[in-house]
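J.: Below: one structure in structure tokens.
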Amino acid sequence: MHPPTASPSKPEREAALAELPPSGDALPSARGVGRILAIREAGTLAALAVLCLLLSIGSPYFFTVRNIFNVLQGMSTIGIMAIGATIVLVAGGLDLSVGSVMAVGAVVTARLMTYQGLEAWLAALVGLAAGLAFGLVNGLLVTRARIIPFIATLGTLSVGRGLAYLFATGPTGVASNVPMRDAGVGFLGAGYVGPVPMPVIIMLVLVVIAALFLANTVLGRQIYAVGSNLRAARLCGISVDRVQCFTYIVAGGLSALAGVISTGLLSTASTNLGQGVELDVIAAAVIGGTSLVGGEGSVIGTLFGAAIMAVVRNAFVLLGIPLHFQTMIIGLVILLAVGLDRRRHANS
Amino acid sequence: MIAHLRTIVLSLVATSFVMACRNGPDAKASNSARPPNGPAFASAGVVPDEGTVQPVAQRPKKALRIAVLGLESSPFWIPVKSGAQRAARELAARGVTVDWIVPGEVHTADVFGRAIDAAVAKQYDAIATIAGDAGVAAFIDRAVNAGIPVATYNSETDTPNDRLFFVGADSYAQGKAAGTLMCKLVGPTGKVGIITGFFAVEAHQLRVKGFEDALHAGCPQAAVVGRVENQDKAEIAYQEAKDFMTAHADLAGIIAIAGSPFGAARAVEEAGKAGKVHLVTFDAVDETMDYVDKGVIDATIGQDPDAQGHDPAVRLYNYLAGGQVPPYGRLYTRADVITKANAAQYRLPRQ
């Protein structure tokens, strides 16, 4: 948001540059990024492959086209939000408010459409804008008010849920689900192109865009630089605050988009939409190799991370896993994935 | 900054001192008037005047104030609130104020315990509260010891306490009603998937147990093919219903135990399996009723939420003004089976 307070002197700048890792994570070349991410993603992809193999042995229904698309559709809203979470985490931030922003985006869109009679596309745009604005607030709290991201977004997590209730409150004063009957928005959530569900297409397109953006644009590389070494990035002349703010805005917008998609799928904007989803979203990113201390991560890895979570959930039903083990298994998968990642780090 | 903080702290200390002085004598005065005990805690039954109980003719010596502590975080609460408001209108003629108070968004003891304490401090004459978990028992006992009768409604802990009575669903009986119905729908060898709300919520698990007991009693060959939780979310129910149908091509039924069952209905409708995969759900929120009307949900089990909002306030008044004690500790509300045929009478007025 604000430019660096004073332009760094030459010795300062040299010292800062010396602090940056020699190659790789900060300000890497596009090819460098590709190589590192390829290695990082290979581990997650292998884990996913093993999981799929076990499941296809366990259930003849797993490797059917229908089930694969079921799994992909099931992970699509988490996957879309996890793209934003990855970008925030790479820049050294954290966004706990994503589930609430999802609900705000959904409820604002549905309300404007159903109760205010706004054109569907316009209502959806306002819903997305609400998400972007929410992200901006998160960004300003972190960069201007200097509140650490965990606390700032913990606060906005509650504020957002309250806003969702407020926007959804009907004449009775009780938070209600808001119905949504537009075919266009319905298509975003429940439509198919051939056999492929629309939310899956949206997720995959966004993953490609985000991956190219992070690897090939100046801003994308600045995000890695800021997360890798904040001081060095600042001394290099990167507008750290602006970069951080940008990441929260992206996360807000993507969360609201996930909310709109979910509204389309269910023809309803539920006030409890996305409650507690932040943990799944962050877990997807972390399983995919994104570091919680910034500077490392890729959206492709996150996609695989989200896929692992979705496949595990799919397994609960396909294999009829007893209910007591279900939540435990999710936790163990996270621990295993992150544990393996740590080990890989230690070895490299 | 520090000077500001000091001012705030000092004013807080001063305020609490003044409050303590003001509340002191009242608290002492009310200690002497502990209300007598009501029916046995675990005695239970259905009363004929559920939802229609009338205020007694006797008038109290002073104008009474009754607090009804509730929630507004989901559409389930719309009829509960309107029930409480109906009680408020009926009792207004007798000079009674009924206040609908929403202390938070979840029904846990930390939220409702504090709200009970606050209602005692505000010198209400009676309190109706949700008593979601065991922690709330101590708060209830404290209020009763301060001379204020307490009724619980909607959900209550098994931990015995001094509440006068409870108005709400018999979760096990609701589950049994669903299980008996499912047996009829899926036939003797049907495969059924269970989507519960939360594994950790006792009422949800009681419904599951009632469901399975009744299903197996009526259809011993019927198979439960899986149990999953949807955390009261439509999206998760949608996904789980799809997974059930994928894993079991011959699936005959899905029971959605708790919140947002319409996600499962969406999945059944999308798969074109309405009428083939029989769906039984709980409660009558708008989204659910839409699918009942479409014939995607075969039946949804009610719990008379209007009576849950209405009856506690009226019965508390009858206790205070006329000394009337309800016949049971647990006044179970009807587990209505709502189908396409009788849906209209359970629909909420459109907002």
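J.: Name the single residue that is nearest to the chain's Cα centre (by Cα) among those in region A:89-103 being of a type in the set (Val, Ile, Thr) and under 14 Å from residue A:137 (Cα atoms). Spell out how you get there, then give the answer.
T.: Taking region A:89-103 first, the residues of a type in the set (Val, Ile, Thr) are A:90, A:98, A:101.
Subset that is under 14 Å from residue A:137 (Cα atoms): A:98, A:101.
Working: A:98: 8, A:101: 12 Å.
In this case the residue turns out to be A:98.
J.: Return a yes/no flag: does region A:298-313 have any residue that is buried (at least 23 other Cβ atoms within 10 Å of the Cβ) and not in a helix (DSSP H, G or I).
T.: For region A:298-313, residues buried (at least 23 other Cβ atoms within 10 Å of the Cβ) and not in a helix (DSSP H, G or I): present.
J.: Further, regarding this structure: Can you pull out the helices (runs of 4 or more DSSP H) entirely within region B:93-209 that have at least 2 residues that are polar (S, T, N, Q)? Give the derivation first.
T.: Working: elements: B:109-121, B:136-145, B:171-186.
Filter on region B:93-209 gives B:171-186.
J.: Can residue B:66 be described as away from every other protein chain (no Cβ under 14 Å), at negative phi and assigned to a strand (DSSP E or B)? It would help to see each step written out before you state the result.
T.: Details: away from every other protein chain (no Cβ under 14 Å): yes; at negative phi: yes; assigned to a strand (DSSP E or B): yes.
Judged against the criteria, residue B:66 is a match.
J.: Residue B:227 fails exactly one of the following numbered conditions: (1) under 18 Å from residue A:320 (Cα atoms); (2) charged (D, E, K, R); (3) in a helix (DSSP H, G or I). What is the number of that condition?
T.: (3)
J.: I'd like the full set of residues that are within 16 Å of the chain's Cα centre (by Cα) and among the aromatic types (Phe, Trp, Tyr), limited to region A:287-326.
T.: Correct list: A:304 only.
J.: Using the structure shown, decide if residue A:194 is within 27 Å of residue B:237 (Cβ to Cβ) and either hydroxyl-bearing (Ser, Thr, Tyr) or within 14 Å of chain B (Cβ to nearest Cβ) (or both). Outline the logic, then answer.
T.: On the way: within 27 Å of residue B:237 (Cβ to Cβ): yes; either hydroxyl-bearing (Ser, Thr, Tyr) or within 14 Å of chain B (Cβ to nearest Cβ) (or both): no.
Considered against the rule, which asks whether it is within 27 Å of residue B:237 (Cβ to Cβ) and either hydroxyl-bearing (Ser, Thr, Tyr) or within 14 Å of chain B (Cβ to nearest Cβ) (or both), residue A:194 comes out as no.
J.: Another question, if that's okay. Filtering region B:232-247 down to residues that are more than 7 Å from every other protein chain (Cβ to nearest Cβ) and under 27 Å from the mean Cα position of the chain (by Cα), which residue is surrounded by the fewest Cβ atoms within 10 Å (Cβ to Cβ)? Quick ask: steps written out before the conclusion?
T.: Residues of region B:232-247 more than 7 Å from every other protein chain (Cβ to nearest Cβ): B:236-237, B:241, B:245.
Retained after the next criterion (residues that are under 27 Å from the mean Cα position of the chain (by Cα)): B:236-237, B:241.
Details: B:236: 20, B:237: 31, B:241: 30.
Checked region B:232-247; the qualifying residue surrounded by the fewest Cβ atoms within 10 Å (Cβ to Cβ) is B:236.
For every residue, the table says whether it meets (1) more than 19 Å from the chain's Cα centre (by Cα); (2) of a type in the set (Asp, Glu); (3) within 14 Å of chain B (Cβ to nearest Cβ); (4) part of a loop (DSSP other than H, G, I, E, B).
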site: A:245; (1), (2), (3), (4): no, no, no, no
site: A:252; (1), (2), (3), (4): no, no, no, no
site: A:272; (1), (2), (3), (4): no, no, yes, yes
site: A:329; (1), (2), (3), (4): yes, no, yes, no
site: A:343; (1), (2), (3), (4): yes, no, no, no
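J.: Output the residue which, of all residues in region B:194-205 that are over 19 Å from residue B:244 (Cβ atoms) and surrounded by fewer than 19 Cβ atoms within 10 Å (Cβ to Cβ), is nearest to the other protein chains (Cβ to nearest Cβ). Walk me through how you get there before you give the answer.
T.: Here is the first cut: in region B:194-205, the ones over 19 Å from residue B:244 (Cβ atoms) are B:200-203, B:205.
Next cut, surrounded by fewer than 19 Cβ atoms within 10 Å (Cβ to Cβ) only: B:200, B:202.
Values: B:200: 9, B:202: 15 Å.
Top of the filtered list is B:200.
J.: Another question, then. When you go through (1) under 30 Å from residue A:92 (Cβ atoms); (2) surrounded by 22 or more Cβ atoms within 10 Å (Cβ to Cβ); (3) more than 14 Å from chain B (Cβ to nearest Cβ); (4) not basic (Lys, Arg) one by one for residue A:241, which number turns out not to apply?
T.: (2)
J.: Okay, next question. Being away from chain B (no Cβ under 14 Å), surrounded by 24 or more Cβ atoms within 10 Å (Cβ to Cβ) and assigned to a loop (DSSP other than H, G, I, E, B) is the filter here; which residues of region A:274-293 pass it?
T.: Of everything in region A:274-293, those that are away from chain B (no Cβ under 14 Å), surrounded by 24 or more Cβ atoms within 10 Å (Cβ to Cβ) and assigned to a loop (DSSP other than H, G, I, E, B) turn out to be A:288, A:289, A:290.
J.: Moving to a separate point now. Pairs please, first residue from region B:72-98 and more than 30 Å from residue B:258 (Cβ to Cβ) and in the same structural domain as residue B:125 (by TED's automatic domain parsing), second anywhere and assigned to a helix (DSSP H, G or I) and not β-branched (Val, Ile, Thr), Cβ atoms under 6 Å, 6+ apart in sequence or on different chains.
T.: Taking only residues 6 or more apart or on different chains, the pairs are B:91/B:317; B:96/B:317.
J.: Return the residues of region B:268-282 that are buried (at least 24 other Cβ atoms within 10 Å of the Cβ) and under 24 Å from residue A:272 (Cα atoms); say none if nothing qualifies. Steps first, answer last, please.
T.: Initial filter on region B:268-282 (buried (at least 24 other Cβ atoms within 10 Å of the Cβ)): B:268, B:277-282.
The answer is B:268, B:279, B:280, B:281, B:282.
J.: In the set B:98, B:167, B:80, B:150, which member is at pLDDT 90 or above and in contact with a Lys or Arg (Cβ under 7 Å, 6 or more places away or on another chain)?
T.: Working: B:98 fails: in contact with a Lys or Arg (Cβ under 7 Å, 6 or more places away or on another chain); B:167 fails: in contact with a Lys or Arg (Cβ under 7 Å, 6 or more places away or on another chain); B:80 fails: in contact with a Lys or Arg (Cβ under 7 Å, 6 or more places away or on another chain).
Result of the check over B:98, B:167, B:80, B:150: B:150.
J.: Right, another one. Please indicate, with yes or no, whether at least one residue in region B:292-305 is within 14 Å of chain A (Cβ to nearest Cβ), of a type in the set (A, V, I, L, M, F, W, C) and under 30 Å from residue B:244 (Cα atoms).
T.: Looking for residues that are within 14 Å of chain A (Cβ to nearest Cβ), of a type in the set (A, V, I, L, M, F, W, C) and under 30 Å from residue B:244 (Cα atoms), one finds at least one in region B:292-305, hence yes.
J.: A further question on this structure: I'm trying to understand the selection: among the residues of region A:131-179, which are within 18 Å of residue A:282 (Cα to Cα) and not in a helix (DSSP H, G or I)?
T.: A:148
J.: Take region A:165-187 and flag every residue that is more than 24 Å from residue B:85 (Cβ to Cβ) and buried (at least 21 other Cβ atoms within 10 Å of the Cβ). Reasoning before the result, please.
T.: First pass over region A:165-187, keeping only residues more than 24 Å from residue B:85 (Cβ to Cβ): A:180-187.
A:180, A:185 - these are the residues of region A:165-187 that are more than 24 Å from residue B:85 (Cβ to Cβ) and buried (at least 21 other Cβ atoms within 10 Å of the Cβ).
J.: Testing residue B:216 on (1) more than 14 Å from chain A (Cβ to nearest Cβ); (2) surrounded by fewer than 19 Cβ atoms within 10 Å (Cβ to Cβ); (3) not in a helix (DSSP H, G or I), one condition comes back false. Which one is that?
T.: Failing condition for residue B:216: (3).
J.: Out of A:218, A:277, A:260, A:205, report the one residue that is free of Cβ contacts under 8 Å to residues at least 40 places away in the same chain and under 28 Å from residue A:113 (Cα atoms).
T.: Numbers: A:218 fails: under 28 Å from residue A:113 (Cα atoms); A:277 fails: free of Cβ contacts under 8 Å to residues at least 40 places away in the same chain; A:260 fails: free of Cβ contacts under 8 Å to residues at least 40 places away in the same chain.
Residue meeting the stated conditions: A:205.
J.: Same structure, new question: Does residue A:128 count as part of a helix (DSSP H, G or I), of a type outside the set (Lys, Arg) and surrounded by 24 or more Cβ atoms within 10 Å (Cβ to Cβ)?
T.: Working: part of a helix (DSSP H, G or I): yes; of a type outside the set (Lys, Arg): yes; surrounded by 24 or more Cβ atoms within 10 Å (Cβ to Cβ): no.
Spelling it out, it is not the case that residue A:128 is part of a helix (DSSP H, G or I), of a type outside the set (Lys, Arg) and surrounded by 24 or more Cβ atoms within 10 Å (Cβ to Cβ).
J.: Identify, from the list A:109, A:44, the residue that is touching a strand residue (DSSP E or B) at 6+ places or on another chain (Cβ under 8 Å), more than 14 Å from chain B (Cβ to nearest Cβ) and either among the hydrophobic types (A, V, I, L, M, F, W, C) or part of a helix (DSSP H, G or I) (or both).
T.: Working: A:44 fails: touching a strand residue (DSSP E or B) at 6+ places or on another chain (Cβ under 8 Å).
Testing whether each residue is touching a strand residue (DSSP E or B) at 6+ places or on another chain (Cβ under 8 Å), more than 14 Å from chain B (Cβ to nearest Cβ) and either among the hydrophobic types (A, V, I, L, M, F, W, C) or part of a helix (DSSP H, G or I) (or both) leaves just A:109.
J.: Separate question: May I ask you to list the residues in region B:248-265 that are of a type outside the set (Gly, Ala, Ser), within 11 Å of another protein chain (Cβ to nearest Cβ) and closer than 19 Å to residue B:76 by Cβ?
T.: Answer for region B:248-265, where residues must be of a type outside the set (Gly, Ala, Ser), within 11 Å of another protein chain (Cβ to nearest Cβ) and closer than 19 Å to residue B:76 by Cβ: just B:262.
J.: Among the residues that make up region A:230-247, is at least one of them closer than 28 Å to residue A:264 by Cα, acidic (Asp, Glu) and out of contact with any Cys (no Cβ under 7 Å at 6 or more places or on another chain)? Give the steps one after another, and end with the answer.
T.: Of all residues in region A:230-247, those closer than 28 Å to residue A:264 by Cα come to A:246-247.
Adding the requirement that they be acidic (Asp, Glu) leaves none.
Checked region A:230-247: no residue is closer than 28 Å to residue A:264 by Cα, acidic (Asp, Glu) and out of contact with any Cys (no Cβ under 7 Å at 6 or more places or on another chain).
The values are calculated or read from the model by the stated rules, or taken from the named source; none is laboratory data. Worth saying up front: this structure is predicted, and the values here are computed from it rather than measured. Glycine gets a Cβ as well: all are built from the backbone with ideal geometry, and neighbour counts include every protein chain shown.
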